[in-house]
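J.: Quick one: the structure is below, questions incoming.
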Amino acid sequence: MKNHILLLKYLSLFFGLIIILTMLMPMLKTDDLSFLGTEITFGKEIINVDPFNLGTIASAWLPFSWIALATFTLPVISSILMVINHKYAPISLLLALISLLLMVSLPNSINMHYMIGNTENVSNVVWEMSYGLIIAMISTSLMMISHFYIFATTNSLKLKT
């Protein structure tokens, strides 16, 4: 195996690590609020009005998001598959592409839930991408380029022999 292909495999793993680390950065923001990737993925209680511990009057929270979890785990799975064997390059490329599409659609898929009294409602918030999500998108794009290069070079080597 050529050294540059091995280097690209480990570079892909490095990009997967960067994508996981971007979960610790602000992903989405609205007005003056900014939320980390872990808060968007695993949920966060934003406010809970409970005077004198007599019961909750009002609360607002971000629920657990399967879409956000898939957004950040698919690139890691993709890079691990690429390091295991370069024959998984088409699958890795497809997983990275799905993850990139999920990252682009992430601001539209996250809702905020709130409860006043016993009535629970869902609010669609106009989210803006923050720098953590942009770094994750750039890392995923670079990982896709390395996967495509590995796929193209390994298949062209097979055609020559």
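Each value in this text was obtained by applying a stated rule to the coordinates, not by laboratory testing. All values derive from a computational prediction rather than experimental measurement. All Cβ positions, glycine included, derive from the backbone under ideal geometry; neighbour counts span all protein chains shown.
J.: For residue 135 and residue 42, compute 0.36 nm times the residue count separating them, minus their Cα-Cα distance, and round to one decimal in nm.
T.: Contour length minus the Cα-Cα distance gives 31.5 nm.
J.: Taking the Cα centre as origin and putting +1 on Lys and Arg beta-carbons and -1 on Asp and Glu beta-carbons, what dipole magnitude results for the chain, to the nearest 20 debye?
T.: Dipole of the chain, to the nearest 20 debye: 1220 debye.
J.: Arrange 12, 65 by Cβ neighbour counts within 10 Å, fewest through most, would you?
T.: 65, 12
J.: Right, here's the next one. So I have (1) 31.0; (2) 16.4; (3) 17.3, and one of them is Kirkwood radius over Cα pairs in Å calculated from this model. Which one is it?
T.: Checking each listed value against the structure points to (3).
J.: On a full-extension model of 0.36 nm per residue, what is the gain between residue 118 and residue 59, subtracting their alpha-carbon distance, rounded to one decimal in nm?
T.: 20.2 nm is the gain from fully extending residue 118 to residue 59.
J.: Moving on to the next point. Compute the projected area of the convex hull of the Cα atoms of region 27-84, averaged over all viewing directions, and report it in nm² to one decimal place.
T.: Numbers: hull surface 22.8 nm².
For region 27-84, averaging the hull's shadow over all directions gives 5.7 nm².
J.: A follow-up question, please. Compute the acute angle (0 to 90°) between the alpha-carbon long axis of helix 131-160 and the principal axis of greatest extent of the alpha-carbon atoms of the chain; round to the nearest 10°.
T.: For helix 131-160, the angle is close to 20 degrees.
J.: Can you tell me how much longer the chain between residue 108 and residue 87 gets when fully stretched, taken as 0.36 nm per residue apart minus their C-alpha distance, in nm with one decimal?
T.: This chain segment gains 4.1 nm when fully extended.
J.: Another question about this same structure. When the chain is modelled as a GNM with alpha-carbon springs shorter than 10 Å, which of 35, 148, 52 fluctuates the most?
T.: Result: 52 has the largest fluctuation of those listed.
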